[in-house]
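Here is the structure we will look at, set down as structure tokens.
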Amino acid sequence: MVKKRQKYTVEFKQEAVGLVTGHGYSYAEAGRSLGINGNIISRWHRELISNQEGAF
């Protein structure tokens, strides 16, 4: 069975990164609380830092 790739909204990504930057969560903690892998949040954070206007 092929898994369909999950799509996340820009708002969801920003809130996930906000847990790390604003609330002091680690990537792993934020990921567990949202039900996703912390590495995904880490990647979103890097994208946001490197390209603020065009991120996501």
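We did not get these values from a lab; they are worked out from the coordinates using the rules stated. Every value quoted in this text rests on a predicted model; they were computed, and no experiment measured them. Cβ atoms come from the backbone with ideal geometry, glycine included; neighbour counts cover every protein chain shown.
Can you give me the relative contact order of the chain as a percent, contacts being Cα pairs under 8 Å and 6 or more apart?
Here the relative contact order equals 25 percent.
Using unit Cβ charges (K, R positive; D, E negative) and no other charged atoms, how large, in debye to the nearest 20, is the dipole of the chain about its Cα centre?
Using only the charged Cβ atoms, the result is roughly 400 debye.
Restricting to DSSP H runs of at least four residues, report the calculated mean residue ellipticity at 222 nm for the chain, -39500 (n - 2.57) per run over all residues, nearest 500 deg cm²/dmol.
Only helices count here, giving -19000 deg cm²/dmol.
So I have (i) 38, 26, 16; (ii) 42, 22, 13; (iii) 66, 23, 17, and one of them is Cα extents along the principal axes in Å calculated from this model. Which one is it?
So the calculated entry is the one marked (i).
Need one number: nm distance between label points at Q6 and S33, each 7 Å from Cα along Cα→Cβ, rounded to one decimal.
1.6 nm
For the chain, list the DSSP H helices whose alpha carbon atoms reach 15 Å or more along the long axis and whose average Kyte-Doolittle value is -0.5 or above?
What comes out of the filter, once short or polar helices are dropped, is 10-23, 38-50.
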